[in-house]
Amino acid sequence: MHIVDGALSAPVLVGGTLLAAAGIVRGARDLNLERIPSAGLLSAAFFVASLVHVPIGPSSVHLILNGLAGLVLGWISFPALFVGLLLQALFFGFGGLTVLGVNTLDIALPAVIVGLLCRPGVRSANAALAAFWGGIAGALAIALTALMVAAVLALSGDAFIPAAKLVVIAHVPVMLIEGLLCAAAVTLVRKVKPELFGMPADASAVGLRAAEVRS
Amino acid sequence: MGHCTDPAAPSLSGLEASRAGMGALRPLDPRTRILAAGCFALVVVGLDRLALLAAALLLALLLAVLARLPLRRTLKRVMAMDAFVLFMLILLPFTTPGTPLFTLGPVTATEEGLRWALDIALTANAVMLAVLALVGGLDAVTLGHALHRLRMPESIVQLLQFTVRYVEVVEREFGRMRTAMRARGFVPGNDLHTYRTLGYALGMLLVRSLERSERVLYAMKCRGFVGRFHVIVELRFGMPDALLALLLSVLLAVLVLVEIRLGSAH
């Protein structure tokens, strides 16, 4: 969920912006010549994926996928998700300009936390266990994001507390769906391209690619 | 699976197409636009009086008219954002303590709450319109160039450029995958099968993006890329920029002064 301009108090805006800037700088340290193209393309992929609407009950929600982003990008989630939010704010007017830092923090910090927490599990030799950790990553990232959005609102004024509670409740189904999607995505990526999670390429996959090159 | 993507969702091809209409703001330097939008946002977020916020919204509307923003698309975007925050705004009058205004069953709306909700609505709409008018018409490459000149770290700017360059490519890739899924009879519903299939599709999208990025990197290295984009277009701060800077500074200063003079409304 994006917060718009004008809703948050000044200390929250400044604090959020500073923390987001720190995260972006930390993430930028991992960006070098070798990583920038892959980070850029993955950032584009997450941007496109966030436009996908998934049916849920009679309605539909759009995806955030910050858990998956954290698993794949680690600290680079900060600059990558910031770029996505910046493009949305500048070209589509989605989400505000002064809240860009807070919005980045709300989405990217859970991504980084989940990445650090769940990556070992996702790399596990056991495929079912890896899918389970993938599901945890997807669901936990949304839960943390919802809690942070709620906290940011509540810190800006007691009058926002009911709205903050609603934000958390509204994200419960999203949490479940992103967990399922993330588990499935992890299962597939491990089979096809384990390097995405920093795992060594599977021997059989290398064989396949060699065959592909020859043909 | 076309119905899985919201038709009202902004199309990424807009990043390129929005270049068309820039109206009277066309001659402005992109750096001027970014700084102007930033200053406008900061000042408007700081304003408290509803009358001043309304004036700011008028100013934003004027910018939108000058930039000849396409009416329908802009309205759609503004309404999408307003619908998004509507529930929060409707709650606010009832959750803010203060002078009772009217009672609706068990809950009472207060004057302060209503004022606050209006404050947020005016601020959000004014900033959004100003941003769309000033920056929304830029093409993304120029935006990256300008941000670089404004001292954004080069690696972040490059990340932005890569993202913008490949967003459409990835979008088309995903479109092809959706077509393939539809051709195989996939209909999204509320079941595990839908979520698993979509999850696989998203995973595949990441895999294909990473593999594309490997090819891109090899190709760039073959052409001698060493991590720097060379800029051959110079940006110029000219008369139109000075004019806008002056006008906007004066108007924003007036807003701030009136606000300080009359004291905060809260």
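The values are calculated or read from the model by the stated rules, or taken from the named source; none is laboratory data. Keep in mind that this is a model prediction, so the values were computed, not measured. Because the Cβ atoms are built from the backbone with ideal geometry, glycine has one as well, and the counts that use them run over all protein chains shown. For accessibility, only protein heavy atoms count, side chains too; no ligands or nucleic acids. Shrake-Rupley method; radii C 1.70, N 1.55, O 1.52, S 1.80 Å.
Can you list the helices (runs of 4 or more DSSP H) lying wholly within the stretch A:25-101 that have 3 or more residues being over 19 Å from A:ILE142 (Cβ atoms) and not polar (S, T, N, Q)? The helices (runs of 4 or more DSSP H) meeting that bar are A:35-49, A:77-87. Test of understanding: among A:ASP106, A:ASP30, which residue is open to solvent by less than 10 Å² (accessible area, probe 1.4 Å) and among the acidic types (Asp, Glu)? Selected residue: A:ASP106, the only one of A:ASP106, A:ASP30 that is open to solvent by less than 10 Å² (accessible area, probe 1.4 Å) and among the acidic types (Asp, Glu).
Condition check ((1) more than 14 Å from the chain's Cα centre (by Cα); (2) closer than 22 Å to A:ARG119 by Cβ) across all residues:
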site	(1), (2)
A:TRP133	yes, yes
A:ALA154	yes, no
A:VAL167	yes, no
A:ALA170	yes, no
A:LEU180	yes, yes
A:ALA185	no, yes
A:LEU188	yes, yes
A:LYS193	yes, yes
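For the stretch B:124-132, the count of residues that are within 11 Å of another protein chain (Cβ to nearest Cβ), surrounded by fewer than 18 Cβ atoms within 10 Å (Cβ to Cβ) and touching a residue at least 24 places away in the same chain (Cβ under 8 Å) is zero.
Scanning the stretch A:153-169 for residues that are more than 9 Å from every other protein chain (Cβ to nearest Cβ) and either open to solvent by 20 Å² or more (accessible area, probe 1.4 Å) or touching a strand residue (DSSP E or B) at 6+ places or on another chain (Cβ under 8 Å) (or both) turns up A:ALA154, A:LEU155, A:LYS165, A:VAL168, A:ILE169.
Within the stretch B:109-119, identify whether any single residue is open to solvent by less than 10 Å² (accessible area, probe 1.4 Å), assigned by TED's automatic domain parsing to the domain that holds B:PHE229 and free of Cβ contacts under 8 Å to residues at least 60 places away in the same chain, and answer yes or no. For the stretch B:109-119, residues open to solvent by less than 10 Å² (accessible area, probe 1.4 Å), assigned by TED's automatic domain parsing to the domain that holds B:PHE229 and free of Cβ contacts under 8 Å to residues at least 60 places away in the same chain: absent.
Residue by residue, here is whether (1) in contact with a Pro (Cβ under 8 Å, 6 or more places away or on another chain); (2) open to solvent by 50 Å² or more (accessible area, probe 1.4 Å) holds:
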residue: B:ARG176; (1), (2): no, yes
residue: B:THR179; (1), (2): no, yes
residue: B:GLY189; (1), (2): yes, no
residue: B:VAL226; (1), (2): no, yes
residue: B:LEU244; (1), (2): no, no
residue: B:LEU248; (1), (2): no, no
residue: B:GLU259; (1), (2): no, no
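Residues in the stretch B:139-157 that are within 8 Å of chain A (Cβ to nearest Cβ) and open to solvent by 10 Å² or more (accessible area, probe 1.4 Å): B:PRO153, B:SER155.
Taking the stretch A:17-26, which residues are facing chain B (nearest Cβ under 9 Å) and within 17 Å of the chain's Cα centre (by Cα)? I'd like the intermediate steps shown before the answer.
First, pick out the residues of the stretch A:17-26 that are facing chain B (nearest Cβ under 9 Å): A:24-25.
Hit for the stretch A:17-26 is A:ILE24, nothing else.
Only one entry of B:PHE94, B:PHE186 meets the criterion of being touching a residue at least 12 places away in the same chain (Cβ under 8 Å), more than 19 Å from the chain's Cα centre (by Cα) and within 10 Å of chain A (Cβ to nearest Cβ), and that entry is B:PHE94. In the set (1) open to solvent by 10 Å² or more (accessible area, probe 1.4 Å); (2) away from every other protein chain (no Cβ under 12 Å); (3) in contact (Cβ under 8 Å) with a residue 24 or more places away in the chain, the condition left unmet by A:PRO120 is number (3). The residue that is modelled with the lowest pLDDT, counting only those in the stretch A:75-90 that are more than 22 Å from B:LEU35 (Cβ to Cβ) and open to solvent by 10 Å² or more (accessible area, probe 1.4 Å), is A:GLY84.
Results for (1) over 30 Å from B:LEU210 (Cα atoms); (2) modelled with pLDDT under 90; (3) among the charged types (D, E, K, R), shown as yes or no for each residue.
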residue	(1), (2), (3)
B:LEU89	yes, yes, no
B:THR99	yes, yes, no
B:ALA130	yes, no, no
B:LEU143	no, yes, no
B:SER155	no, no, no
B:ALA180	no, no, no
B:GLY189	no, yes, no
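Within the stretch B:196-207, not a single residue is open to solvent by 20 Å² or more (accessible area, probe 1.4 Å) and out of contact with any helix residue (DSSP H, G or I) (no Cβ under 9 Å at 6 or more places or on another chain). Within the stretch B:195-211, being facing another protein chain (nearest Cβ under 7 Å) and of a type in the set (Ser, Thr, Tyr) holds for B:TYR195, B:TYR200, B:SER209.
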